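Below is one structure; the comments refer to it alone.
The values are calculated or read from the model by the stated rules, or taken from the named source; none is laboratory data. Given the structure is predicted, the values throughout are model-derived calculations rather than measurements. Positions of Cβ are backbone-derived with ideal geometry, glycine not excepted, and every protein chain shown enters the neighbour counts. Note: accessible area is taken over every heavy atom of the protein model, side chains too, but ligands, DNA and RNA are not part of it. Shrake-Rupley method; radii C 1.70, N 1.55, O 1.52, S 1.80 Å.
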Amino acid sequence: MSRLCIHTITTKALSLEACLRVYPRYQVSGITLWESSLAGCQPSRIAGQIQDAGLQVVSLCRGGFFPAVTAGDRQEAINNNLRQIELAYTIGAPMLVLVCGAVPGQRLDDSRCQITDGIAAILPQAQQAGVKLAIEPLHPMYADHRSAINTMRQAHQICDALGSPASLGIAVDVYHVWWDPNLQAEIELAGKLHRLFAFHLCDWLTPTTDLLNDRGLMGEGCIDLSQINVWMEAAGFTGFREVEIFSNRWWSQDPATFLTAIRESYRSLYPSD
Ligand code: ZN
């Protein structure tokens, strides 16, 4: 399965070493690293370890969280993102995913300006390091504290405002954007402008019992994944399909059971990969 990638947070009970050992057994080809999975690892050795495992690093999650009340805190956020870019470079990750941030009580428009300014501030170093930045719009239910960027349109606006640099694009996470009536057009435009950087997969459960940790495995929920996939392919996306599932329910299962379910679900969505 040449385009199947898993985010380490999906199997968060496994150490990075265990992920590298186990993922290939389930025909996984790519790995997106969450910083939490790097604890205790020597960053300079990670690229080699991943290569030895026969996996490809897809991206590092995550930078962002630019908005803050004080200028000092906004600078600290920028500094933190610069460290993330350096980390991505060191571990051989070609891309850093940005969860842009928001401050409860702060006007969303102010947060959006701070996000644009923050990305502008880190862009030169990202370009120098050869690390792409992927803005991930988040579902509006997170607009209070996780991200003031809630649609692909808003992500496009940031790319436009910064002069459409080649190293800045969008991470399409079905969980966050599936409801958007303009999704097809936004994906199409992103394809045309070479901004389709990443594709994150899971599903939306009804009822969702936890705002963060109740995502479904693909096929368990109500997202029309086949349709979104057709739009992504039509827009020219040829990258990894990244399984990113935060789920207390799945996390309580044996990781082997979960990985088997992921493989089967992916296989039925993409029988020809
Ligand atoms: Zn995502």
Residue count for segment 47-56, restricted to those that are touching a Leu at 6+ places or on another chain (Cβ under 7 Å) and either in a helix (DSSP H, G or I) or among the hydroxyl-bearing types (Ser, Thr, Tyr) (or both): 2
Residues that are polar (S, T, N, Q) and away from the ligand (no atom under 13 Å from the Cβ): find the helices (runs of 4 or more DSSP H) completely inside segment 172-236 holding 2 or more of those. 225-234
For residues in segment 215-273 being among the acidic types (Asp, Glu) and modelled with pLDDT of 95 or more, which is nearest to Asp203 (Cα to Cα)? Glu220
Which one of Ala155, Ala121 is buried (at least 16 other Cβ atoms within 10 Å of the Cβ), at pLDDT 95 or above and over 14 Å from Phe65 (Cβ atoms)? Ala155
If Arg83 satisfies all but one of (1) free of Cβ contacts under 8 Å to residues at least 12 places away in the same chain; (2) farther than 18 Å from Ser36 by Cβ, what's the number of the condition it fails? (2)
Quick one: count up the residues across segment 237-264 that are open to solvent by less than 10 Å² (accessible area, probe 1.4 Å), assigned to a helix (DSSP H, G or I) and under 30 Å from Glu188 (Cα atoms). 1
Inspect all residues belonging to segment 62-71 and state whether any of them is open to solvent by 30 Å² or more (accessible area, probe 1.4 Å), charged (D, E, K, R), modelled with pLDDT of 95 or more and away from the ligand (no atom under 16 Å from the Cβ). no
Complete set of residues in segment 88-118 that are open to solvent by 50 Å² or more (accessible area, probe 1.4 Å) and closer than 23 Å to Thr32 by Cβ: Tyr89, Thr90, Pro94
Based on this model, can you work out whether Ile85 counts as more than 20 Å from Glu136 (Cβ to Cβ) and open to solvent by less than 10 Å² (accessible area, probe 1.4 Å)? no
